[in-house]
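Here the structure comes first, spelled out in structure tokens, and everything after it is commentary.
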Amino acid sequence: MLAKVQSAHLIGIEPYAVDVEVDVTQRGLPHFNIVGLPDTAVKESRDRIKAAFKNTGIPFPLKQITVNLAPADLRKEGSSFDLPIAIGILAAEGHIPKDELKNFVILGELSLEGKLRAIKGALCIASKIKEGELRKIIVPKMNAYEAGVVHQVEVYPVESLAETISFLRKEKNIEPFKTYYSLIEEDEYYDDLSDVKGQFQAKRALEIAASGGHNLLMIGPPGSGKSMLARRITGILPPMTSEEAIETTKIYSSAGLLPDGKGLITKRPFRSPHNTSSDIALIGGGQIPKPGEVSLAHNGVLFLDELPEFKRNVLEVLRQPLEDGFVSIARSYATVIFPARFLLVAAMNSCPCGGYGDPLKECTCTPGMILRYRSKISGPLLDRIDMHIEVTRISYNELRDETSSESSQIVRQRVINARNIQLQRFKEEGIYFNAHMKAKHLKKYCKLTEDSHRLLQNAIEKLGLSARAHSKIIKVARTIADLDASENIAPKHIAEAIQYRSLERLNF
């Protein structure tokens, strides 16, 4: 007898429909074969299914069982086919009505006792299902929160193989599960900017970077507060929109990193990989492509502390996501694309010992050591970082100052106001921040006065800035003007933007 169960397979974060065709026949010696380019995890489902049948009290048919995962030319990976294969065998044996299977997409990994374990990418698959005619999906109970985010799809959570059988036989009623979420974030989730003593210029730079989505490099001696500042930037970023939350959750779902009982990630990610991370860990990849840190930081912040301590080849792979906003990983069977639109915040010392330029600490580095240290960051990568600022050591008087500075909530409101101006400006352009502007947008939205042109020309000639640095200065100036609620870019906006690029040539 033949039975067909509808399932799905994930490549990257993109789901593809898979038909699980099961043929059970009496003739010949018993065997259980799976075809259709299954990987090792899929082939091992034979042993999991046999044990699950035995421990659930269901006799396993000693017949010729052939399972085809169609389309046969698409490589199948993972353990999410356990449940559809088991249901297909039971349907082929006549234990489950075949007509009932036409209404559902079925996913799930079986344990040896017949319980269901969570799978990866349930939200991605549910989001894809809502685009088709079929709007019902059976998933493990642990995946119900993420799949239930998609309200256009009826999500039926099950805990075991036995419960799935009872539901398909209509012996047990299961209500569709929906996740109700709020995008309102609580301030206590974030470290507050008011905790940072002094560093008014650095705080101003953080506000500009958050307002326009500009990448930021902080240079200064150890203990000056670079890491402390970086960890507070998520607290001044605007709350995530529903589209951003779903995009980010899809990435975490496909990587299997979604916390238990968490349907949607509503807090902007803050990723801080160690400087010993490999290029694959940072950018993503592997035999089965998985998202890296740049994708896990999508719609959030990627913080690289001690930037020159990262390997040169690791830093160079950042060029594509910084420029394009996505990562493309090519394999022989498919090309996987992961979103990677993040705000890069990096920190480094001015020299290996950290004493160069510090009035309270003598530098013990030779010129050659300083040169080698700084040359670990290439010019092209430095060009892609919009803002470079010096973070100086704060004095004892500033440390003991009890005067309260601006809280993250106050700064965040200014950032939100500037972002709203940009959203209104780019509502028909397909971009959201000033940092994403292309050449055509600069011509349309960033017209400079003659005084501004002369000021910018002098800066480029004296500092030897590149054409990309020229564009970055204008983009940052546009953001500064938005913070001032100014329609035009004035010379003072250009002047402030230039000071955030001066380190590129003066110190490097």
Looking at the range 1-156, what % of its DSSP beta bridges pair antiparallel, to the nearest 5? 60
Give the angle, between 0 and 90 degrees and rounded to the nearest 10, that separates the Cα long axis of helix 200-212 from the longest principal axis of the Cα atoms of the chain. 50
Treating every alpha carbon of the range 278-363 as one equal point scatterer without solvent, the Debye formula yields log10 I(q)/I(0) values at q = 0.18, 0.20 Å⁻¹ of -0.77, -0.88
Taking Rh as the Kirkwood radius computed over C-alpha pairs, what is the Stokes-Einstein D of the range 1-108 at 4 °C in a medium of viscosity 1.567 mPa s, expressed in µm² per second? 93
State to the nearest 20 debye the size of the charge dipole of the chain about its Cα centre, where the only charges are +1 on K and R beta carbons and -1 on D and E beta carbons. 900
Note on the range 392-477: the mean projected area of its alpha-carbon convex hull, in nm², is 8.8
Cα Rg over Rh - the range 58-185, Kirkwood: 0.97
Once you have the Cα-Cα distance between residue 73 and residue 320, take 0.36 nm times their residue separation minus that, and quote the gain in nm to one decimal. 85.9 nm
Normalise the Cα radius of gyration of the range 1-41 by 2.2 N^0.38 Å (N = residues in it) and let me know the number. 1.47
Using DSSP loop states and a limit of at most 12 other Cβ atoms within 10 Å to flag GluC sites (Glu not before Pro), what is the longest stretch of the chain containing no flagged site? 187-361
Note the full-extension length gain between residue 25 and residue 328 as 0.36 nm times their separation in residues minus their Cα-Cα distance, in nm to one decimal. 104.7 nm
Considering the dipole of the chain built from charges on the beta carbon (Lys and Arg +1, Asp and Glu -1) around the Cα centre, which of 348, 310, 483 is farthest to its positive end? 310
Around residue 74: net Lys/Arg minus Asp/Glu count, Cβ-Cβ under 13 Å: -2
Hey, rough spin-label estimate for residue 243 and residue 492, points 7 angstrom out along Cα→Cβ, what's it come to in nanometres? 3.5
With each pseudo-label sitting 7 Å past Cα toward Cβ, what's the residue 288-residue 369 distance in nm, one decimal? 4.7
Förster radius 56 Å - calculated FRET efficiency between residue 439 and residue 133 (Cβ-Cβ, nearest 0.05): 0.85
Per residue, accessible area of the chain with a 1.4 Å probe, heavy atoms of protein chains only, in Å², comes to 46
How much accessible surface does residue 501 have with a 1.4 Å probe, in Å² rounded to 10? 0
Could you tell me the convex hull volume per residue, in Å³, taken over the Cα atoms of the range 365-415? 126
What part of the accessible area of the chain, given as a whole %, is carbon or sulfur when the probe is 1.4 angstrom? 50
Order of exposure, largest accessible area first, which applies to 25, 241 with probe 1.4 Å: 241, 25
Using a Förster distance of 35 angstrom, determine the FRET efficiency expected from the C-beta separation of residue 404 and residue 14, and round it to 0.05. 0.10
Which order do you get for 63, 290, 98 if you rank them by accessible area with a 1.4 Å probe, largest at the top? 290, 98, 63
Kindly state, to the nearest 0.05, the FRET efficiency for residue 417 paired with residue 396, given R0 = 45 Å and r defined as their beta-carbon distance. 0.80
So, taking all protein chains as they sit and a 1.4 Å probe, how much accessible area belongs to residue 141, in Å² rounded to tens? 110
Run the numbers for residue 35 and residue 159: contour at 0.36 nm per residue of separation, minus the present Cα-Cα distance, in nm. 41.9 nm
What is the total of Lys pairs in the range 189-269 with C-alpha atoms under 29 Å apart, excluding same-chain pairs fewer than 8 positions apart? 7
What relative contact order, as a whole-number percentage, does the range 147-272 give when Cα pairs under 8 Å and 6 or more residues apart are counted? 27
Quick one: how many Å² of residue 242 are accessible to a 1.4 Å probe, rounded to 10? 40
Rank these by accessible area, largest first, 1.4 Å probe: 142, 437. 142, 437
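The values are calculated or read from the model by the stated rules, or taken from the named source; none is laboratory data. Predicted model, so just to flag it, every value in this text is computed and none were measured. Neighbour counts are summed over all protein chains in view; Cβ atoms, including those assigned to glycine, are modelled from backbone coordinates with ideal geometry. In case anyone asks, the SASA skips ligands and DNA or RNA and just uses the protein heavy atoms, side chains included. Shrake-Rupley method; radii C 1.70, N 1.55, O 1.52, S 1.80 Å.
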